[in-house]
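Asker: Dumping the structure here so I can ask a few things about it.
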Amino acid sequence: MARTRFRPPSDLAAAAALAGASFALYAAGACRTIYVGDSGELVAASWTLGIPHPSGYPLYVLLGKLWATLLPFGSVAFRFSLFSCACAALAVAGVYLAARTLAVGRMAALAAAVLFAASPSFWGEANVQRVYALNALFVALATLLAARWENARTGAAVERGNLAGRFVAIAFVAGLGATNHTFLAVWGIAFLLYAAVAAPAVVLRGRTLAAAAAATLAGLSVYAYLPLRSRMEPRLDWGNPERLGTFVAVITRHDFWERKWWTGWGDLLPIVRDFLSSFAFELTLLGALLAATGLVAGWRRRRFVAFLGLVAIANVAAMAAHGSRSDLFLWHRYYISAYLMAVLLAGVGLDLLTEAFRRHSRITAAVFSTMTLAAALTLAPLRAAQFDRSRYRVADDYSRQLLASLPPGAHLAASDDNILFVLIYLQLVEGVRPDVDLILQGVGGDLPPLHFNPDTEPLFFTHHPGWNLPELRLAPVGLTFEVARAGTAPALRLPQRLWLEGEDDAAVPKDYLTHNLIGEFHFMLGVTFETTEPERALAELATAARAAPENDVLFYNLGLVYARMGRNDLALAAFERAQAINPRPIPGAAKVRAADRIEELRRNSG
């Protein structure tokens, strides 16, 4: 239709304006310090040209290093936040261009792009240091190219002649994108299936398939960084992917599959239910209804919407196959690709409804599309405070206080992504406490045997290692456990402040991981005061519970501490809360379920 035809000059200008506005919005709330979760390790690996956790993310490492080196201001953490802002802004522009390529009207395409820009999971990754904004950019770019391929397939005969070349170009982009995040491989398989059905005479030719395979391998060649760099023995060398076996294990995330929540087909219903219900939250109810309209009513006239639906299905299927409980039900960032497909469907749905209104009244159609766009635009100011990380200091403050509490030359065995990865960043990138020997527990491969003299070589753990050696004790001394000889009492090494910067500031947004970190901070203080100041300990443990109300592991550990203190009432309540959050075995608790502890407490007290 003429009114929706893609017009390069004006549409590229609109896309550029969208990208500029989105970047300004994201950059205003960008995290100035290192964030929780994977951020510290990813930034440290990129800045030092190391190898982060599987799948290694070599494209992010290399592009991030280039960006942070060329950007002349701000901390390294802030530069990587801005890198995410730029990638996210370009992804928003890509959504607009993809919608226009699908013959969606300008107002509807703008509404789709704005819906995506303001979707919580996407915005939540747009101003912190992670790989998901770059992944969204590649998904948007690949989908834009696929939409143009579709136009060539259904357009004039002169346009169809380049189908094979376009298909090969898409294969290259999918392969290259997969070196940042493996979802692009899933996207590529979905497109291959669609293209093979839509244009078998072109796609299934031997020459075309061979060229596409070569292009895919060319994109995937960025993975060669992993074994080449690993041979240079960088400080961060997760999985040591020098040999074929370890290389394959890293890029396929071999060690992470054992964490999957899926145990059988009965688990499919809650996964799908949670996935479908998330669309109303991410796109608003109106956006979700428009997406459903686009999928149901649009496929007969625009068959490409079937591909958009296929990608969304592939997204949830891939997650169901290997996602952990938190991956599936707590962090919807893994579904950003599906939400991108959904906003394109919403654009199609809005366009179809506008066209239907236009048959009766052009004024009604204009009012409807304008109001829908206005509704989408209001999401930005409404959600801005929720994602303003410009004052975020929680993760940085926790690890700086922990490092400051250690004596000179201490050995620190650290674990837990929330703590270890921030420590890695602070030491390897910012040079904080270089005298501390940071032992990277769990960062790929087995550590050598630990030899130390507790009298002359102070050793600390961020988490209790579960040792049961009669000659040694692990004493909580603040934010760490110190290894000491049995019968001795190490001095307390309390943090400089008994709170974290911003933990009680409502203007500092806190996600699940941040809540967990605040809870861990007060839990460690509670354990430290457990035997000497029990009332103070109870107050800190109660603060920990309030800080992280959805952390099953924390409540399980609270139950253990309360039981040791003889507070069976509190222990029972903590175990019951852990059981309510997660009825399955508690990770890291030797497959013990909270229900087992509940039964034990009731039996002993009965």
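Asker: Place +1 on the Cβ of every Lys and Arg and -1 on the Cβ of every Asp and Glu in the chain, take the dipole about the Cα centre, and give the residue among Thr532, Ala27, Gly466 whose Cα lies farthest towards its positive end.
Answerer: Ala27
Asker: Under the rule of -39500 (n - 2.57) per DSSP H run of 4 or more residues, summed and divided by the residues of the chain, what mean residue ellipticity at 222 nm is obtained, to the nearest 500 deg cm²/dmol?
Answerer: -20000 deg cm²/dmol
Asker: Provide the per-residue ³J(HN,Hα) series for region 103-112, in order, calculated from phi with Karplus coefficients 6.51, -1.76, 1.60 and θ = phi - 60°, each as a whole number of Hz, with x at glycine and proline positions.
Answerer: Once θ is set to phi - 60°, the couplings for region 103-112 become 6, 8, x, 4, 4, 5, 5, 5, 4, 4 Hz.
Asker: Check which residues have an amide H placed less than 5 Å from Ser415's amide H, if you skip close sequence neighbours.
Answerer: Amide H to amide H, under 5 Å and 5 or more residues apart or across chains, Ser415 pairs with Leu420, Thr462, His463.
Asker: Turning to a different aspect of this structure: Cα atoms only, region 253-356: Rg and Dmax in Å?
Answerer: Expressed in Å, the Cα Rg and Dmax of region 253-356 come to 15.0, 52.
Asker: Could you work out the relative contact order of the chain? I mean the mean sequence separation of Cα pairs under 8 Å and 6+ apart, divided by the number of residues, in percent.
Answerer: After rounding, I find 14 percent.
Asker: With the dipole of region 217-359 worked out from charges on the C-beta (+1 for Lys and Arg, -1 for Asp and Glu) around the Cα centre, which of Leu276, Ala342, Ser324 lies farthest toward the positive end?
Answerer: Looking along the dipole axis, the top candidate is Ala342.
Asker: Going by Cα centres, region 335-373 and region 149-226 are how many Å apart?
Answerer: What the calculation gives is 30 Å, centre to centre.
Asker: Roughly how many percent of the accessible protein surface of region 131-259 is carbon and sulfur, given a 1.4 Å probe and a whole-percent answer?
Answerer: 66 percent
Asker: Evaluate Rg over Rh across region 484-606, taking Cα atoms for both radii and Kirkwood's formula for Rh.
Answerer: Here the Rg-to-Rh quotient is 1.00.
Asker: Rounding to the nearest 20 debye, state how big the charge dipole of the chain is about its Cα centre with +1 on each Lys and Arg Cβ and -1 on each Asp and Glu Cβ.
Answerer: 3000 debye
Asker: Among residues other than Ala142 whose Cβ falls under 15 Å from its Cβ, what is the net charge (Lys/Arg +1, Asp/Glu -1)?
Answerer: Neighbourhood net charge equals +1.
Asker: Using R₀ = 35 Å, calculate the FRET efficiency as 1/(1 + (r/R₀)^6) where r is the Cβ-Cβ separation of Val296 and His254; round to 0.05.
Answerer: Plugging the Cβ-Cβ distance into 1/(1 + (r/R0)^6) gives 0.30.
Asker: Can I ask one more? So, for the chain, what is the accessible surface per residue at a probe of 1.4 Å, expressed in square angstrom?
Answerer: Value for the chain: 42 Å² per residue.
Asker: Another question, if that's okay. Quick one: check the C-alpha center-to-center distance for region 512-561 versus region 68-107, whole angstrom.
Answerer: Between the Cα centres of region 512-561 and region 68-107 lies a distance of 39 Å.
Asker: Taking the Cα centre of region 1-137 as origin and charging only Cβ (+1 Lys, Arg; -1 Asp, Glu), how large is the dipole, in debye to the nearest 20?
Answerer: That gives a dipole near 480 debye.
Asker: Can you pull the percent of region 297-339's accessible area that's carbon plus sulfur, 1.4 Å probe, other chains left in place?
Answerer: 62 percent
Asker: Using a 1.4 Å probe and counting only protein heavy atoms, arrange Asp396, Asp455 so the residue with the most accessible area comes first.
Answerer: Asp455, Asp396
Asker: Rounded to the nearest 20 debye, what is the charge dipole size of region 468-586 about its Cα centre when +1 sits on each Lys and Arg Cβ and -1 on each Asp and Glu Cβ?
Answerer: Dipole about the Cα centre, nearest 20: 340 debye.
Asker: Expressed in nm², what is the orientationally averaged projection area of the convex hull enclosing the Cα positions of region 252-304?
Answerer: The orientation-averaged projected area of the Cα hull of region 252-304 comes to 6.0 nm².
Asker: Moving to a separate point now. How much length is gained on full extension from Arg359 to Leu560, taking 0.36 nm per residue of separation minus their Cα-Cα distance?
Answerer: 65.6 nm
Asker: Which one of Ser75, Asn127, Thr543 is farthest out on the positive end of the charge dipole of the chain, using unit charges on Cβ (Lys, Arg +1; Asp, Glu -1) and the Cα centre as origin?
Answerer: About the Cα centre, the residue reaching furthest to the positive side is Asn127.
Asker: Mean 1/r over all different Cα pairs, inverted: what Kirkwood radius does the chain give, in Å?
Answerer: 26.0 Å
Asker: Same structure, new question: Go ahead and run the numbers for FRET between Gln496 and Thr456, Cβ-Cβ distance against an R0 of 25 Å, rounding to 0.05.
Answerer: Step by step, r from the Cβ atoms, then E = 0.45.
Asker: What does the extension gain come out to for Ala542 and Arg325, with contour length at 0.36 nm per residue minus their alpha carbon separation?
Answerer: 75.6 nm
Asker: Further question: On C-alpha positions alone, give me the angle between the axis of helix 417-428 and the longest principal axis of the chain, in degrees, nearest 10.
Answerer: Its long axis makes an angle of about 90 degrees.
The values are calculated or read from the model by the stated rules, or taken from the named source; none is laboratory data. Predicted model only: the values in this text are computed from it and were never measured. Backbone-built Cβ (ideal geometry, glycine too); neighbour counts: all protein chains shown. These accessible areas exclude ligands, DNA and RNA; they are computed on the full protein's heavy atoms, side chains included. Shrake-Rupley method; radii C 1.70, N 1.55, O 1.52, S 1.80 Å.
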